[in-house]
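Below you'll find the structure, written out as structure tokens, and then a few comments.
The values are calculated or read from the model by the stated rules, or taken from the named source; none is laboratory data. These numbers were taken from a predicted model, which means no experiment stands behind them. Because the Cβ atoms are built from the backbone with ideal geometry, glycine has one as well, and the counts that use them run over all protein chains shown.
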């Protein structure tokens, strides 16, 4: 396993950072940085079974940022207007520093050169390193409908598992189907070659006894396959070089937060306008990377399906993004025999909850309203379930412990059922883009499009087993709408207009993206600010672009060097920019 000590990621694209870990580093950071030479990235020793080190891991997913804290919902009865109100702030750009402009496209040149030099240092060839292979599996950058084991058995990934940062297999609790057999939840180990299974002693280590699938880069007949083996060499959804760029540049994770990074001083010397422009360019690079993922999925399944995949996964948050995405892949079957009539949201809710495995089979016997809703849902589900029995997710695919009630998958599926029931709902986003050029009106209209119609049951219940709420709550608030806009809708629109007959529309998407209201501050952003800005506030207050730009810099530079910034080119590039020299 290759480990990057600066940042790590914990699984899928849609997560909320909940803990901040500080890796303890002995010695003086300053003296260590002075005596060290820039290293190439090297493979770390294989994890040994035993207790984890004395540190905590920062869990985060850079595809989703925690959004702004919503205003308290208006206290009203069912049917009340839940439209959130956002506060817009005009950035103040004031600095006494000498101003040097940030030329258009400068940041993109920086990241391309940094990436190419990094690859040259570590020695790039046609074989990925193990860390990249793990990212490919975690993000499922695969032709998911065409996966086959080395001996030809079809593989269906219902959930790729959760990244394991301790001793043992690389992914825990994956849910897989190999051939016609639904496997019990188990683990996945990722290696470059099948022979690594025995070379690393996994066959003798009890910690690997639950491994259901060995994911490798390449397998051949000469190798001894100890268990089902899935080679990925010919199963990627994009060229390896593109995946290396996209996935390496969006990795984030844990790093020592006790001292600022080497770039904090140079960044402090930039004029406010220049720093804002630099962050905007980094944010646009992030937008395009996310758009590339939507484009890759659209090439496989079409633009509508790519959007559903992104929306479902974003609503799954950290632990449930993959089962939600699997349900997105089944929306065609959910709607297949409903096309002849406008389906009711309730009917789609019943089908989605049945497919998810989250439809309770016992009444609460405490709340008559819940039991009546459940009985009606079963009346819909039992007539349809035999035809989709092969697709029903096991309850083990979900991780519900610790989830906030408002984010429970039952409630999120109730929300997307309203979207699926609305005729032409996905087509409305193209019309929205063409109609709205004013940021305030665009945000308000987006909230209106995302807010479902009245739902008397789900406005007063968090889950099917929870007590009725004293006051109605919206199915989607402004914070989550901000996340969906930044991480799903705008990147999807950018990719779609770029591939269509009017690529000039991508400029309009970029203008909206750069002006969009900020998401809620979170542990990932606070940690990044301590490293890059020594804890100072971001320039351009109230804009999500500044947040996205910081995260992209972290992915492009911090993720490929160590906590002492040894060998990082970013500080010197910033000094050159401050001095008015922008050549590479």
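Taking region 281-303 on its own, how many of its residues are buried (at least 21 other Cβ atoms within 10 Å of the Cβ) and not in a helix (DSSP H, G or I)?
0
Every residue in region 537-572 that is over 19 Å from the mean Cα position of the chain (by Cα), part of a helix (DSSP H, G or I) and either within 28 Å of residue 440 (Cα to Cα) or modelled with pLDDT under 85 (or both), please.
The answer is 560, and nothing else.
Going by the conditions given, is residue 575 out of contact with any helix residue (DSSP H, G or I) (no Cβ under 6 Å at 6 or more places or on another chain), part of a helix (DSSP H, G or I) and either touching a residue at least 24 places away in the same chain (Cβ under 8 Å) or under 19 Å from residue 271 (Cβ atoms) (or both)?
On the way: out of contact with any helix residue (DSSP H, G or I) (no Cβ under 6 Å at 6 or more places or on another chain): no; part of a helix (DSSP H, G or I): yes; either touching a residue at least 24 places away in the same chain (Cβ under 8 Å) or under 19 Å from residue 271 (Cβ atoms) (or both): yes.
For residue 575, the condition - out of contact with any helix residue (DSSP H, G or I) (no Cβ under 6 Å at 6 or more places or on another chain), part of a helix (DSSP H, G or I) and either touching a residue at least 24 places away in the same chain (Cβ under 8 Å) or under 19 Å from residue 271 (Cβ atoms) (or both) - is not met.
Here is a yes/no grid of residues against (1) at pLDDT below 85; (2) part of a loop (DSSP other than H, G, I, E, B):
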{"residue": "84", "(1), (2)": "yes, yes"}
{"residue": "92", "(1), (2)": "yes, yes"}
{"residue": "100", "(1), (2)": "yes, yes"}
{"residue": "110", "(1), (2)": "no, no"}
{"residue": "115", "(1), (2)": "yes, no"}
{"residue": "124", "(1), (2)": "yes, yes"}
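Just checking, how many residues over region 486-515 are modelled with pLDDT of 95 or more and in a loop (DSSP other than H, G, I, E, B)?
0
Quick one: residue 365 ticks every box in (1) closer than 19 Å to residue 459 by Cα; (2) in contact with a helix residue (DSSP H, G or I) (Cβ under 8 Å, 6 or more places away or on another chain); (3) exposed (fewer than 11 other Cβ atoms within 10 Å of the Cβ) bar one, so which box is it?
(1)
Would it be correct to say that residue 267 is touching a strand residue (DSSP E or B) at 6+ places or on another chain (Cβ under 9 Å), assigned to a helix (DSSP H, G or I) and either modelled with pLDDT of 95 or more or buried (at least 17 other Cβ atoms within 10 Å of the Cβ) (or both)?
Numbers: touching a strand residue (DSSP E or B) at 6+ places or on another chain (Cβ under 9 Å): no; assigned to a helix (DSSP H, G or I): yes; either modelled with pLDDT of 95 or more or buried (at least 17 other Cβ atoms within 10 Å of the Cβ) (or both): yes.
It is false that residue 267 is touching a strand residue (DSSP E or B) at 6+ places or on another chain (Cβ under 9 Å), assigned to a helix (DSSP H, G or I) and either modelled with pLDDT of 95 or more or buried (at least 17 other Cβ atoms within 10 Å of the Cβ) (or both).
Residue 403 - would you say it is more than 17 Å from residue 452 (Cα to Cα) and not in a helix (DSSP H, G or I)? Walk me through it before giving the result.
Values: more than 17 Å from residue 452 (Cα to Cα): yes; not in a helix (DSSP H, G or I): yes.
The answer is yes for residue 403.
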